[in-house]
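No lab work stands behind these numbers, since they all come straight from the coordinates. Everything quoted here is computed from the prediction, not taken from an experiment. No Cβ is skipped: glycine too gets one built from the backbone with ideal geometry, and neighbour counts run over all protein chains shown.
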Amino acid sequence: MLQLKKIAFIVGIALIMFSCSKGEKKVLSAYEDGKPYIVVYVKNQDGKEIRTYEEHFYNNGKTRVKGSYSKGEKNGTWKYYFEDGTLFAQTDYSNSKEGEKWQVYFDKDSLLVNKTDQLLNIAFSPEGTPVSMRIKNSKNEVFLRFFESFKLMERVSLKGNVPQGEAMSWYENGNINSIHFYTDGLQDSSYTVYAESGQKILSGTYKKGTKVGKWEYFSSDGKPLGYEIFDIDGTRLSFQDNQGLRYSTTPPSQDLKK
């Protein structure tokens, strides 16, 4: 017991010394219940406050983001975490404001971005967290977009800025939202959409951007709502409306055009 108390005391002293070495602690923003959201540490240099460290927290107290500064700029390794405490991403800001050697995880066991992948562009939130990125790996280019929770919202295979191949989107609960495909920027092949519960609500086929064949619609509990049948030129040949079709297809991500 004494040994455990000694270890706890040493750890506590180390944490205090580490905190002091970073400078003065300041809470920039907090949750409604008063818990800190964004905390920074600053030191006074030549009459100016220089940021040395930054940390963001979830409302449950777990770290969301952490990293250090050098001369007021992000520096070294920064890490980003899911709410359960597992790692979402990490990067090195030593030589780039956009970060280098990004590693991004779909979950704790699956990598979306490897540190050997080439970062083509990246967009950050006002708080400095990644919201989308385009990367190039050994196989193809990929556009990724994330929820505020860091969970994956969208993944689109690209050829340059043009969608090419598979595109998938997700709900924030992790269930698939849609699966579709592109050929030279036009939707092509099968197109499937799911409700947040996981139930399929739409199934159809595109041919170079044009609806063809049979399109089926379902309610969120799986009941058939109706169908449409299209000719090869997109002309609607027939339809059956059981309960009123109220679904419009989602256009390609506007972020890809920026």
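With each label point set 7 Å from Cα along the Cα-Cβ vector, what nm distance links GLU148 and LYS136?
Here the answer is 3.4 nm between the modelled labels.
With the cut-off at 1.5 for a/c, could you classify segment 67-178 from its C-alpha gyration tensor as rounded, prolate or oblate?
Judged from the Cα gyration tensor, segment 67-178 comes out oblate (a/c at least 1.5, b/c at or above a/b).
Size of the dipole of the chain about the Cα centre, Lys and Arg at +1 and Asp and Glu at -1 on the beta carbon, nothing else charged, in debye to 20?
The calculation lands at about 800 debye.
Which FRET efficiency value, to the nearest 0.05, is calculated for THR63 and LYS208 with the Förster distance at 45 angstrom and r the Cβ-Cβ distance?
0.40
Is the C-alpha gyration tensor of segment 29-88 telling us rounded, prolate or oblate? Criteria: a/c under 1.5 is rounded; beyond that, a/b larger than b/c is prolate, otherwise oblate. Mind showing how you got there, number by number?
Details: a/c = 4.73, a/b = 1.52, b/c = 3.11.
Taking the square roots of the gyration eigenvalues as a ≥ b ≥ c, segment 29-88 is oblate.
Kindly flag which residue pairs out of LYS25/LYS108; LYS108/LYS139; LYS136/LYS200 have an alpha-carbon separation exceeding 28 Å in this structure. If you can, show how the numbers build up before the last one.
Numbers: LYS25/LYS108 31 Å; LYS108/LYS139 23 Å; LYS136/LYS200 32 Å.
Check vs 28 Å cut-off fails for LYS25/LYS108; LYS136/LYS200.
Aspartates and glutamates near LYS35 by alpha-carbon distance under 20 Å, same-chain residues fewer than 8 away left out - which ones?
Partners found: GLU24, GLU54, GLU55, GLU83, ASP84, GLU127, GLU148.
Place +1 on the Cβ of every Lys and Arg and -1 on the Cβ of every Asp and Glu in the chain, take the dipole about the Cα centre, and give the residue among ALA195, PRO163, VAL65 whose Cα lies farthest towards its positive end.
Going by the charge dipole, the pick is VAL65.
How tilted is helix 2-22 with respect to the longest principal axis of the chain? Cα atoms for both, answer in degrees (0 to 90, nearest 10).
For 2-22 against the chain, the angle is about 80 degrees.
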